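The values are calculated or read from the model by the stated rules, or taken from the named source; none is laboratory data. What you see is a predicted model; the values in this text were computed from it and never measured. Cβ coordinates were reconstructed from backbone atoms using ideal geometry, including for glycine residues, and neighbour counts include every protein chain displayed.
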Amino acid sequence: MADISAVRLDSVRLEIARLRGKEVVELKRVSLYPVFDVLLEGNECVIARFECDVTLDEHLTRRMFERATVYETLRDVYGVAVPQIYHIQPDPNAVGLPWMLMERIPARDRVKSAASRWKKLGAREKFTL
């Protein structure tokens, strides 16, 4: 299980409410991962994902923004259902660990998107994957 004991959940709640403009109704850890399902007013669901492998170096910020760029490319260029990134905070002082806030996509939508994309690929594209 990832150690997220440094995370100040009260600060996370306040920061998410500020960023999304809605109160946090529920904040629930997802299994063993450094991820929380967040339910906001109006039944909006988002994900708070924390970076636990923090070696406070200059590469952490770059890695976090690269991940966001990969997600954006997969979604916008390839039509893959990946979450939109709403916020990236590489500074661990903000809430205890570096983190990002992202859209929550139901599993059924991710599976449907992947299956649809796979069917559209030609044999050559499938082979290169």
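A few comments on the model shown:
- Within region 49-66, the set of residues being under 22 Å from residue 27 (Cβ atoms) and part of a helix (DSSP H, G or I) comprises 64 only.
- Hey, residue 62 surrounded by 11 or more Cβ atoms within 10 Å (Cβ to Cβ), within 17 Å of the chain's Cα centre (by Cα) and free of Cβ contacts under 8 Å to residues at least 12 places away in the same chain or not: yes
- Every residue from region 12-38 that is within 17 Å of residue 96 (Cβ to Cβ) and surrounded by fewer than 13 Cβ atoms within 10 Å (Cβ to Cβ): 18
- Residue 68 being crowded, with 16+ Cβ neighbours inside 10 Å, under 14 Å from the mean Cα position of the chain (by Cα) and at pLDDT below 90: no
- For beta carbons closer than 6 Å, sequence separation of 6+ or different chains, a first residue in region 70-94 that is part of a strand (DSSP E or B) and a second that is hydrophobic (A, V, I, L, M, F, W, C) and surrounded by fewer than 15 Cβ atoms within 10 Å (Cβ to Cβ), the qualifying pairs are 87/19.
- Of everything in region 11-33 that is in a loop (DSSP other than H, G, I, E, B) and not charged (D, E, K, R), the residue that is modelled with the highest pLDDT is 21.
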